[in-house]
1. Contact list please: Cβ distance under 7 Å, first residue in the stretch 402-413 and assigned to a loop (DSSP other than H, G, I, E, B), second residue of a type in the set (Val, Ile, Thr) and modelled with pLDDT of 90 or more, pairs at least six apart or on different chains.
2. Out of everything in the stretch 139-187 that is of a type in the set (Asp, Glu) and touching a residue at least 60 places away in the same chain (Cβ under 8 Å), what residue ends up being farthest from Ser56 (Cα to Cα)?
3. Val225: under 30 Å from Ala340 (Cα atoms), modelled with pLDDT of 90 or more and surrounded by 18 or more Cβ atoms within 10 Å (Cβ to Cβ), yes or no?
4. Being in contact with a Pro (Cβ under 8 Å, 6 or more places away or on another chain) and not aliphatic (A, V, I, L, M) narrows it down to one residue among Gly241, Gly279, Gly310; which is it?
5. Looking only at residues that are of a type in the set (Val, Ile, Thr) and farther than 15 Å from Arg343 by Cα in the stretch 228-242, which one is surrounded by the most Cβ atoms within 10 Å (Cβ to Cβ)?
6. Which condition number in (1) outside the structural domain of Ile52 (by TED's automatic domain parsing); (2) in a helix (DSSP H, G or I); (3) at pLDDT below 90 is the one that Asp206 fails?
7. Against the condition at pLDDT below 90 and hydrophobic (A, V, I, L, M, F, W, C), how does Leu233 come out, does it pass?
8. Within the stretch 326-377, how many residues are out of contact with any strand residue (DSSP E or B) (no Cβ under 7 Å at 6 or more places or on another chain), under 28 Å from Ile248 (Cβ atoms) and of a type in the set (Ser, Thr, Tyr)?
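The values are calculated or read from the model by the stated rules, or taken from the named source; none is laboratory data. Quick caveat: nothing in here was measured; it's all calculated off a predicted structure. Using ideal geometry, Cβ is built from the backbone for each residue, glycine included, and neighbour counts are taken over all protein chains shown.
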Amino acid sequence: MPSIEQDKALLPSASAEELARLRNERDLYQSLVGLAAQEQIESFIETALGLIARTSGARKGYLELLDERVGKAEPLRWQVSLGCSADEIEQIQHAISSGIVAAVVATGKPIVTSSAYLDARFRDRGSVQRHQIEAALCVPVGSDPVQGVLYLQDRTAGGAFSEADLRCAQTFAGYVSVFVERLLMRHRAREQADPTQAYRKSLRLDGFIGRSPAIARVLGQLALVAPLEVSALFTGASGTGKTQLARILHENSPRARQPFIELNCAAIPEALIESELFGAMAGAHSTASKRTPGKLDAAEHGSLFLDEVGELSLAAQAKLLQFLQSRQFYPLGSNKLITADVRVLAATNVDLREAVKEKRFREDLLYRLEVLPISVPSLGERSLDIPELIEFFCSRACHTHRFAQLTFSPGAVHAAQTAEWPGNVRQLAHAVEAAAIRAAGSGALKVERAHLFPELCPAAAGQPPLRTFQQATREFQQQLLEQTLNDTGWHILQTAERLDLGRSQVYNLIRSFGLVKAATRPSA
């Protein structure tokens, strides 16, 4: 880095103060260049805020950036703070719309004050008076439009922020604007490659698989619906994962710590569905020897998920509608209303509007359930997710059945992506498990197309079945090992030396191939 003397030689007419300012700006820029190599916006602005706070001598700082893009319902926000309590952060965020920061956002001009609570411009603001804010400095980040704000408060050395501090903060904000735009471009590129990325940060998606645009649309709907106290109706073909998505909605709602109760309406006999849903009093039916609580009782303060809701009888539909309207219900055999605090989620794989036309489903109940309908795509609409789903299901099958870990060959993955899956994700899961079992049973190292679709690869009459390269290699290894063992009289060390293997590898291969020394083989 050039010395002060070198700087003076380059700018002979500059004063010592101006040289110091230029040197500070250069140091600040070089520091930000190093930070901008980071991939994540959050880590960049967190470290950058610490840098400007040290440079200006501020005790507290707050930096907020926005990414307002066409097509986004809400702008993406990144917020970091320094030296602020949770209450102070909340007050600063509130000030963005009503305090000092609001004035900067509205005008795009910086504000510096030595005592905000004595300043005529701000002393009438509630947050300023409550927190007795003194020295404060606030500058916009970016212009036309403003991309965010930098807010600094309270100097460690006391007193007001100087003109030099203001110039430094403005210079910093200008640099940050440029570097953040570059980071945003990288962020947008990653988002295009994985359109679910933003939702994976805002939603709890433990174990959820899917990064296709179709799934991104569903996650966007979940992010909108989850915090609201309204019913939701999941529609889509059987096997698409409606139950898992309903659970994700619950786990991202204010009721997340409360029960999530499932009821498959198609699995309960019509005569028992009302009892199962609303509970029954003693003697209400032949098996009710005492008061039996229903699913609504079990879901108190939580969520009740009604799968295949279209299978409910008309009588049960009427009682469910009453509950959705009043949050009260009658247990079977009782004339006393019970109040319950339950959010109802429902799913169906049939066209409920068609069922309404056929008088099999109540129209008023449909309107109550589909306040915010969520359409779940078929596997054919999200074929980009198939490789990741295959990897997960194959790994799970190998773990469940204690197989050595298998992988799918590229040909098998391609075949799965181009195949029809009328049973959707559920059918794919079963097919992958069966393929893994076939592959492990044949000693294959990879799951091939023939293991996944055996009906499409029949062996020709009178001819051996087609072998994959991996199967042929494994058969050769078995034959070579067995021949060498017989040649050495099953002397493990000599066999290992001839084959250039370790003794432990030889023992593992013997067990893997199920080889037995000829003298110890049982007679036929």
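1. Leu406/Val447; Ser409/Val447
2. To start, the set of residues in the stretch 139-187 that are of a type in the set (Asp, Glu) comprises 144, 154, 163, 165, 181.
Checking the rest, the ones that are also touching a residue at least 60 places away in the same chain (Cβ under 8 Å) come to 154, 165.
Working: Asp154: 10, Asp165: 6 Å.
The extreme case among them is Asp154.
3. Working: under 30 Å from Ala340 (Cα atoms): yes; modelled with pLDDT of 90 or more: yes; surrounded by 18 or more Cβ atoms within 10 Å (Cβ to Cβ): yes.
Here the answer is yes, as Val225 does meet what is asked.
4. Details: Gly241 fails: in contact with a Pro (Cβ under 8 Å, 6 or more places away or on another chain); Gly310 fails: in contact with a Pro (Cβ under 8 Å, 6 or more places away or on another chain).
The conditions single out Gly279.
5. Only one residue fits best here, namely Thr240.
6. (2)
7. Details: at pLDDT below 90: no; hydrophobic (A, V, I, L, M, F, W, C): yes.
Criteria not met by Leu233.
8. Count: 1.
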